[in-house]
Amino acid sequence: MSKASKENPYLAHLPADQRYTGSSTPPTVKEPLYGFLPRRVKGEQVRPVLEGDVNPFTKKQHSNAYKKILEARKMLPVYAQMDDFYKMFTENQAIVMVGETGSGKTTQIPQFVAYSDLPHTKGKMIACTQPRRVAAMSVAKRVADEMDVQLGKHVGYSIRFEDMTEPGTTFLKYMTDGMLLREAMNDPLLERYSTIILDEAHERTLATDILMGLLKGVVKKRSDLKLIVMSATLDAVKFQKYFGNVSSSGNSGPAPLFKVPGRTHPVEVFYTQEPEPDYVEAAIRTVLMIHRAEDPGDVLVFLTGEEEIEDSCRKIKLEADDLINQDPDSVGPLVCIPLYSSLPPQQQQRIFDPPPSARSESGPPGRKVIVSTNIAETSLTIDGIVYVVDPGFSKQKVYNPRIRVESLLVSPISKASAQQRAGRAGRTRPGKCFRLYTEKDFMTELEEQTHPEILRSNLANTVLELVKLGIKDLVHFDYVDAPAPETLMRALELLNYLAALDDSGELTELGRIMAEFPLDPQMAKMLIVSPEFKCSNEILTIVAMLSVPNVFIRPNNQRKEADAAKAMLSVPDGDHLTLLNVYNSYKQNMHDKNWAWSNYLSARALAQADNVRLQLERIMERFGIELSTTEDERKFYENVRKTLVCGFFMQVAHKEGEKGSYLTVKDNQVVALHPSCGLETQPEWVLFNEFALTTRPYLRTVTDVKPEWHVLLEYAADYYDLKTFPDGETKRALTRVQNKRLGKIVRADEPRNGTDERSKKKRKKNN
Ligand SMILES: Nc1ncnc2c1ncn2[C@@H]1O[C@H](COP(=O)(O)OP(=O)(O)O)[C@@H](O)[C@H]1O
Ligand SMILES: [Mg+2]
């Protein structure tokens, strides 16, 4: 019998060495990862597997799409450094890595690690953290495609309220840094991971900073855990020093640096001669100038937020269409694509579409314009960008511990940011960056680096997580940069007022449960006490609605209609109640697909709220927190408002004078109700969800509350101890309520036939 006859014709699609099915010799279907020793793997072993026909993780044939993407991956700078990477990874426990944006760090390195760790054979995972949800989702999708697996199976992602992984199958998990921090609370040594990659470390987000501190300790305790800290800027020395001497093997000196040489092209930078009075308008004008006058190549514009971005996209599109109509022979087609974090994933994916093609063979080529928030600065790499328009602003968090206000403010970016932005133009070929500020401002006004988030955040959540993690000495925790003592104090104070921490800073039973909710402590507190007021179903809905993007849509050209639709759903006593009402109406109208749209509501945000609600409900069930609704209809809204006070008693304001201005309790900030607020009157006391600094300080999402309910004075007695109040109208008003209450208590103690004239009068007046 000839050898050929033993070949199974049904296996003709397999490589020759796998076709053989003769019975005299056993089948030799080669395991692709045969001979791979965990953590001793070399590039020369991995490359043939990548080129091979069989996917080592699914054992299926590689698709054509896989092969096509592989060709592109092989062009990335990190691919050329695979051998060096494996050498360093094998020899070290902690590595710091820097490389230009777009060099392939985020997509390739976790895959390299997978071939060395072989986590799927050990029931472990590789985590790669991202500061942004969008990036975690988008990159996970891309890597799933690159590995030829279904997203959510071998490769998945995990972000707050959305877990796209399959336990037991997923071995490469992209996740937000905040999610990994939460996991650490219940698994302090992060046992389920073999390697943890902290990506975008240069962003210095709060969660990444805390994770660096935690992991420094974990690496010492777990010799089997590897850590890679990846950053886009050359500020790596700080991380190298920080992670020096940490490895359990006793290596001395700073952590080794793995440098991915960039492959960037020169970028010519232009400044404006004079400061621009309106950066949005200037950005639009610049895009149109580029479209008219510059060579082919896509444009990336940095703006600060959803509304600004959507608005600009519309204007650019309109004006570009005008240009084409005027001069069809010299101006090509233009598509304008928005990019911001609350955009649905399919729409985010559009940034990777090719630019539109020319209308005719000889016509001018099309151009893609992406208008994005900071996401496109380093988190997502978009190929084909040749022009960058940088107005010099981004939305940044600021926290003022003195008045306990955290806000997102449109603020000037740093020089480091400006350089990153410019770099986006040189990925494919030499590019241009148009800075919409003067060179002098760049030199003298911009800070060198953006301040780490830990220095400008409210730390209440973080402190609760750290205490839950068993870290008692918050002052001496090994921070990369230590937060201001006043900020730590404020956080401890808030948690103490909420009774999550006792007076000696120990976690209380209540605090333990609060920490389990992926929510701000005030919201967690509200959920936990809500059964006492028989409204946990309602509070659950409100918390879910407050945890998703704004559900109200207000298109620029249909503001009146949108406001009218909102008014129909508004509850006069408070915006929180309106949110509850919107959700309930949504559930009642689920059968009607157009309901959300015709009421100017975001169907996506509502669906998200529904999902968040379900997940929070599960946590409540886990802790035996009863789900209840009052049967007394008259009490329905009032109970909800009382419960709101139990969580947010520190966010109350008192009306001062008749002009509609309010003063925040204790912190004495003069504020006004935001125009979006749906209250019918201007009540004496309001509770607010958000203190927004825009053109002036505003309170957003506001509900009418009454100290006469005594929830303030009973549930928040410490905070509302009048001795601790500054003198003023607020204190006088509260004193009146207090006295009335004490009067009532005293009266109740008096004999029935008491003849106290004063109290009689008072009673009369009250009637
Ligand atoms: N969703 C995607 N679609 C198409 N290409 C992508 C996608 N994500 C990443 N890429 C490609 O992968 C390259 C490397 O990206 P990435 O690994 O994120 O780089 P880095 O982390 O070093 O900035 C990008 O330049 C781009 O070509
Ligand atoms: Mg990256």
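The values are calculated or read from the model by the stated rules, or taken from the named source; none is laboratory data. Fair warning: this is a prediction, and the values are worked out from it, not measured in the lab. Cβ placement follows ideal geometry from the backbone for every residue including glycine, while neighbour counts extend to all protein chains displayed. Side chains included, ligands, DNA and RNA excluded: accessible areas come from the protein's heavy atoms. Shrake-Rupley method; radii C 1.70, N 1.55, O 1.52, S 1.80 Å.
Ranked from highest to lowest mean number of other Cβ atoms within 10 Å per residue, what is the order of the peptides 548-561, 413-426, 357-370?
Top of the packing list down: 413-426, 357-370, 548-561.
Highest mean first, how do 515-528, 222-235 rank when packing is the count of other Cβ atoms within 10 Å averaged over residues?
In descending order of packing, they fall as 515-528, 222-235.
With +1 assigned to the C-beta of every Lys and Arg and -1 to the C-beta of every Asp and Glu, and no other charges, what is the dipole magnitude of segment 43-260 about the Cα centre in debye, to the nearest 20?
That gives segment 43-260 a dipole magnitude of about 200 debye.
Which whole-Hz ³J(HN,Hα) couplings does segment 202-212 yield from phi under the Karplus relation 6.51 cos²θ - 1.76 cosθ + 1.60, θ = phi - 60°, glycine and proline marked x?
Whole-Hz 3J(HN,Hα) from phi for segment 202-212: 4, 5, 6, 6, 3, 5, 5, 4, 5, 4, 4.
Of the accessible area of segment 267-452, with the probe set at 1.4 angstrom, what percent is carbon plus sulfur?
So the carbon and sulfur contribution to the accessible surface is 50 percent.
For the chain, what is the relative contact order in percent, using Cα pairs closer than 8 Å and at least 6 residues apart in sequence?
Relative contact order comes out at 9 percent.
Per-residue ellipticity at 222 nm for the chain, helices alone: DSSP H runs ≥ 4 residues times -39500 (n - 2.57), over residue total, nearest 500 deg cm²/dmol?
Here the helix-only value at 222 nm equals -11500 deg cm²/dmol.
Using a cut-off of 15 Å between beta-carbons, work out the net charge of the residues near HIS120 (Lys and Arg +1, Asp and Glu -1, HIS120 not included).
Net charge in that neighbourhood comes out at +4.
Over all alpha-carbon pairs in segment 652-742, figure out the percentage whose distance exceeds 20 Å.
Above the 20 Å cut-off, segment 652-742 has 33 percent of its Cα pairs.
How much net charge surrounds ASP209 when only other residues with a Cβ under 10 Å from its Cβ are counted (Lys, Arg +1; Asp, Glu -1)?
-3
Take every Cα-Cα distance within the chain, group them into 20 Å bins from 0 onward, and report for each bin the whole-number percent of pairs it holds.
14, 43, 32, 9, 2, 0, 0
Between Rg and the Kirkwood Rh of segment 150-263, both from Cα atoms, what is the Rg to Rh ratio?
Here Rg/Rh amounts to 0.97.
In nanometres, what is the gap between the two model label sites at GLU680 and THR121, each 7 Å from Cα along Cα-to-Cβ?
7.1 nm
Can you tell me how much longer the chain between LYS42 and LEU234 gets when fully stretched, taken as 0.36 nm per residue apart minus their C-alpha distance, in nm with one decimal?
Taking LYS42 through LEU234 to full extension adds about 66.4 nm, to one decimal.
Please work out the Cα center distance from segment 410-466 to segment 135-155, rounded to the nearest Å.
29 Å
Explain nothing, just compute: Karplus ³J(HN,Hα) = 6.51 cos²θ - 1.76 cosθ + 1.60, θ = phi - 60°, for every residue of segment 215-230 in order, whole Hz, x for Gly and Pro.
Listing the rounded values in order: 5, 4, x, 5, 4, 5, 8, 10, 5, 8, 8, 9, 10, 10, 10, 10 Hz.
Name the long-range amide H neighbours of ILE228: under 5 Å, sequence gap of 5 or more, or other chain; modelled H, no Pro or chain starts.
Placed amide hydrogens put ILE95, ILE196, ILE197, LEU198 under 5 Å from ILE228.
In the neighborhood of PRO483, defined by Cβ-to-Cβ distances under 15 Å, what is the net charge if each Lys or Arg adds +1 and each Asp or Glu adds -1?
Residues close to PRO483 contribute a combined charge of -3.
What translational diffusion coefficient, to the nearest whole µm²/s, does segment 520-649 have by Stokes-Einstein, given a Kirkwood radius computed over alpha-carbon pairs, a temperature of 25 °C and 0.890 mPa s viscosity?
In µm²/s, the coefficient rounds to 161.
So with the 1.4 Å probe, I'd like the accessible area per residue for the chain, rounded to whole Å².
That works out to 47 Å² for each residue.
With both partners inside the chain, how many of the DSSP beta bridges are antiparallel, as a percent to the nearest 5?
40 percent
Picking from GLN130, PRO412, GLY678, whose Cα lies most toward the positive end of the charge dipole for the chain (charges on Cβ: Lys, Arg +1; Asp, Glu -1)?
Of the options given, the answer is GLN130.
Using a/c under 1.5 as the rounded threshold, could you call segment 102-196 rounded, prolate or oblate? The axes a ≥ b ≥ c are square roots of the C-alpha gyration tensor eigenvalues, and prolate needs a/b larger than b/c, oblate otherwise.
It comes out rounded by the Cα gyration axes.
Given the pairs LYS42/LYS87; LYS655/LYS731; LYS534/LYS566; LYS415/LYS440, which span a C-alpha to C-alpha distance of over 18 angstrom in this model?
From LYS42/LYS87; LYS655/LYS731; LYS534/LYS566; LYS415/LYS440, over 18 Å: LYS534/LYS566.
Between ASP478 and TYR271, with labels modelled 7 Å along Cα→Cβ, what's the label distance in nm to one decimal, could you check?
Here the answer is 4.2 nm between the modelled labels.
Considering the Cα positions of segment 43-260, please state its Rg to one decimal place and its Dmax as a whole number of Å.
16.2, 47
Contact order normalised by length for segment 458-516, with contacts defined as Cα pairs under 8 Å and 6 or more residues apart; what percent is it?
Rounded, it is 36 percent for segment 458-516.
In nm, what is the difference between 0.36 nm times the number of residues separating ASP321 and LEU627 and their Cα-Cα distance?
Difference between extended and current length: 104.7 nm.
Per the 1.4 Å probe, what fraction of the accessible area of segment 467-583, in percent, lies on carbon and sulfur atoms?
52 percent
In whole Hz, what ³J(HN,Hα) sequence does segment 607-616 give by Karplus (6.51, -1.76, 1.60; θ = phi - 60°), x for Gly and Pro?
Listing the rounded values in order: 5, 4, 4, 4, 5, 4, 4, 4, 5, 5 Hz.
Roughly how many percent of the accessible protein surface of segment 43-260 is carbon and sulfur, given a 1.4 Å probe and a whole-percent answer?
Carbon-and-sulfur percentage of accessible area, whole number: 52.
Please report the relative contact order for segment 182-235, taking Cα pairs under 8 Å with a sequence separation of at least 6, and give it as a percent rounded to a whole number.
Dividing the mean separation by the residue count of segment 182-235 yields 50 percent.
If amide H atoms are built 1.01 Å from N in the plane of the peptide, which residues on other chains or at least 5 residues away come under 5 Å of the amide H of LEU601?
Amide H neighbours of LEU601: ILE553.
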